[in-house]
Amino acid sequence: MRDLILGHEPAIRLTLFLGVLALMGLWEAIAPRRPAPLGRWARWPSNLGIVALNTVVVRLLLPTTAVALAMAGEREGWGLLHHFALPGWVTLTLAVVVLDLVVYLQHVMVHAIPVLWRLHRVHHADLHFDVTTGARFHPIEILLSMLIKLAAILVIGPSPEAVVVFEVLLNATAMFNHGNVSLPAALDRWLRWIVVTPDMHRVHHSVEDDETNSNFGFSLPWWDRLFGTYRDQPRGGHAAMTIGIHGWRDPRQVDRLPGMLALPFRGTVTHYTINRRPWAHPEGDHV
Ligand SMILES: [Zn+2]
Ligand SMILES: [Zn+2]
């Protein structure tokens, strides 16, 4: 089993990515939650183009993959989990849950720190919210995420299988919870105790700062509830809410590949992040 998973890791990941993309794309075409302001032909080439670019950048610039590092860690005994004699399924579950917590904390951090918010704006500037939004991140943010993940693997000491499970789960859930799809309200309420649902994550893509600064989870919904960043629904309702960032509404800037790559280097970060709050002018406009 191990040889099968580790030997075919890139193929497994690519097949799952394309499979979930096709399924979600079909679901979005049959039962969309909101009308799309721009057609797929306008957005998908850019959003999928940045995914392809990121894959190449990571392979070229980083000396190792997460799975290769976990294999080295297992061989050398690096990381906490290698020092406890726990059943395999317990260490696998623990590793996946703790890695997901790291992703949650990283997500809060990229919203809080001005220079990191510049990078993360690329994810939020999409004028629509669909399955491809889930994979669009600036290459520098992807590199930062990879470095944080590699550091977390060194400290936690997950097995290579746990890393594959974590990465595949994160990838699949990110595409699911960015889907422009609707679930019956009762099912959504039930499901969001186990996994972040599209209605839960859509709140995070609102133009309203307080709504964007909530629901940071990508896979597991518990961290938001535990740490007080959970928000049930957007004020304006899912159909009427505006997706994106205030002041960044030109499709050439936010939904075309060259504009997306240049986005972190444009404009100033205003009231959004932690040290840009208009405390001195609480009644001031909240851009
Ligand atoms: Zn975010
Ligand atoms: Zn998102």
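The values are calculated or read from the model by the stated rules, or taken from the named source; none is laboratory data. Being a predicted model, the structure only gives us computed values, none of them experimental. No Cβ is skipped: glycine too gets one built from the backbone with ideal geometry, and neighbour counts run over all protein chains shown. These area figures cover heavy atoms from the full protein model, side chains too; ligands, DNA and RNA do not enter into them. Shrake-Rupley method; radii C 1.70, N 1.55, O 1.52, S 1.80 Å.
Data table
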{"item": "Pairs with Cβ under 9 Å, 6+ apart, first in segment 159-172 and not β-branched (Val, Ile, Thr), second not in a helix (DSSP H, G or I)", "result": "GLU161/MET1; PHE166/PRO158; PHE166/SER219; LEU169/SER219; LEU170/PHE218; LEU170/SER219; ALA172/SER219"}
{"item": "Elements of type helices (runs of 4 or more DSSP H) contained in segment 178-227, each with 1 or more residues being of a type in the set (Phe, Trp, Tyr) and modelled with pLDDT of 95 or more", "result": "185-191, 222-227"}
{"item": "Conditions (1) modelled with pLDDT under 95; (2) within 16 Å of ligand 2 (Cβ to nearest atom): number failed by GLU161", "result": "(2)"}
{"item": "Qualifying residue in segment 245-262 (condition: assigned to a loop (DSSP other than H, G, I, E, B) and within 16 Å of ligand 1 (Cβ to nearest atom))", "result": "yes"}
{"item": "Qualifying residue in segment 129-139 (condition: touching a strand residue (DSSP E or B) at 6+ places or on another chain (Cβ under 8 Å), open to solvent by less than 20 Å² (accessible area, probe 1.4 Å) and either farther than 28 Å from TRP41 by Cα or within 16 Å of ligand 2 (Cβ to nearest atom) (or both))", "result": "yes"}
{"item": "Residue in segment 77-105 that is farthest from the chain's Cα centre (by Cα), counting only those that are surrounded by 11 or more Cβ atoms within 10 Å (Cβ to Cβ) and more than 22 Å from GLY217 (Cβ to Cβ)", "result": "LEU86"}
{"item": "All positions within segment 203-213 that are within 12 Å of ligand 2 (Cβ to nearest atom) and not β-branched (Val, Ile, Thr)", "result": "HIS204, HIS205, SER206"}
{"item": "Flag for ALA66 being modelled with pLDDT of 90 or more, open to solvent by less than 40 Å² (accessible area, probe 1.4 Å) and more than 30 Å from PRO184 (Cβ to Cβ)", "result": "yes"}
{"item": "Test: residue in segment 232-245 that is under 19 Å from the mean Cα position of the chain (by Cα), crowded, with 18+ Cβ neighbours inside 10 Å and more than 14 Å from ligand 2 (Cβ to nearest atom)", "result": "no"}
{"item": "Search result, residues across segment 162-172 that are over 10 Å from PHE17 (Cα atoms) and more than 9 Å from the chain's Cα centre (by Cα)", "result": "ALA162, VAL163, VAL164, VAL165, PHE166, GLU167, LEU169"}
{"item": "Single unsatisfied condition, VAL108 versus (1) within 15 Å of ligand 2 (Cβ to nearest atom); (2) buried (at least 20 other Cβ atoms within 10 Å of the Cβ)", "result": "(2)"}
{"item": "Any hit, segment 40-49, residues being over 21 Å from ASN180 (Cα atoms), of a type outside the set (Asp, Glu) and open to solvent by 60 Å² or more (accessible area, probe 1.4 Å)", "result": "no"}
{"item": "Enumerated helices (runs of 4 or more DSSP H) restricted to segment 40-138, each holding at least 3 residues that are within 16 Å of ligand 1 (Cβ to nearest atom) and touching a residue at least 40 places away in the same chain (Cβ under 8 Å)", "result": "88-112, 114-124"}
{"item": "Members of segment 174-202 that are within 21 Å of ALA29 (Cβ to Cβ) and within 14 Å of ligand 2 (Cβ to nearest atom)", "result": "ALA174, MET175, PHE176, ASN177, HIS178, GLY179, ASN180, THR197, PRO198, ASP199, HIS201, ARG202"}
{"item": "Selection count where residues are open to solvent by less than 40 Å² (accessible area, probe 1.4 Å) and either closer than 23 Å to MET200 by Cα or hydrophobic (A, V, I, L, M, F, W, C) (or both), scope segment 256-267", "result": "3"}
{"item": "Among (1) open to solvent by 60 Å² or more (accessible area, probe 1.4 Å); (2) within 16 Å of ligand 2 (Cβ to nearest atom), the one test that LEU116 misses", "result": "(1)"}
